[in-house]
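Single-structure report; data block below.
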Amino acid sequence: MKIKFLVSIFAMGAAISVYAKNIDFCKTIEFDTGEFNYQVIEKASSNSECRDKPVPIQYKGINDTFNLTSEASPTGGASYLTWDESRKAYGYDKNELKSTIHDIVSQSKENKYIEALNPVVKIKFIPKGNGGVVVSDIVFEDKDSKPISVVRDIYFYSQDNYAAVYGSSPIKCSQEDRILFIEKVELLFESMNVNW
């Protein structure tokens, strides 16, 4: 009985240690791994070329990555985003948005359906020290303004330091597991800091 109890406590501790830990990734960006697989991220962090390789993120059977970059500016995450320094406000360039949508469609024939939908851009900015987190959604709506799909770009930057970039492919709003996944990625980015 005592042995079973100790084994169950050890197993629970091992499960907890796989998830929800802070990591100073590649001695560059610190973040809370949340519900993503910590061991996979930790292994990537120990790679000698970790700053140049994608950061793997795994959650409930979904595998994806985000990237580190040394180009830290307010609009570094998505080419269609604009930053008005005088108003300290984000906007978007309609021509660049069209170009972005064209690129998304050209990457996969499965994405062609978004061309018939109306793209609506939603931008959220969370200031963090001398930078922040930018979350930009292109929500593709039908003629009745019903959301059908979303493409989410998430960008963390700290001026004159490193940045991190994540971009999703189109996700149908009915794909609840994928929508939850990008929400978890957003939480991870919101926890980021540069500490060097």
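Below, the figures for the structure above:
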read-out	value
Residue tally, condition more than 21 Å from the chain's Cα centre (by Cα) and among the small types (Gly, Ala, Ser), over segment 111-137	1
Of all residues in segment 72-110 being surrounded by fewer than 15 Cβ atoms within 10 Å (Cβ to Cβ) and touching a residue at least 60 places away in the same chain (Cβ under 8 Å), the one that is nearest to the chain's Cα centre (by Cα)	Ser73
Filtered residues of segment 39-60 (kept if surrounded by 13 or more Cβ atoms within 10 Å (Cβ to Cβ) and of a type in the set (S, T, N, Q))	Gln39, Ser45, Gln58
Matching residues in segment 53-81 - criterion: being under 18 Å from Leu187 (Cβ atoms) and of a type in the set (Val, Ile, Thr)	Val55, Ile57, Ile62, Thr65
Residue list for segment 7-62, filter: touching a Cys at 6+ places or on another chain (Cβ under 9 Å), at pLDDT below 95 and among the β-branched types (Val, Ile, Thr)	Thr28
Qualifying residue in segment 111-122 (condition: part of a strand (DSSP E or B), open to solvent by 50 Å² or more (accessible area, probe 1.4 Å), modelled with pLDDT of 95 or more and not polar (S, T, N, Q))	yes
Selection count where residues are part of a strand (DSSP E or B) and not basic (Lys, Arg), scope segment 138-196	22
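The values are calculated or read from the model by the stated rules, or taken from the named source; none is laboratory data. A quick note: this is a predicted structure, and the numbers were derived from the prediction, not measured. Every residue, glycine among them, receives a Cβ derived from its backbone with ideal geometry; neighbour counts consider all protein chains shown. Ligands, DNA and RNA are excluded from the accessible area calculation, which covers all protein heavy atoms including side chains. Shrake-Rupley method; radii C 1.70, N 1.55, O 1.52, S 1.80 Å.
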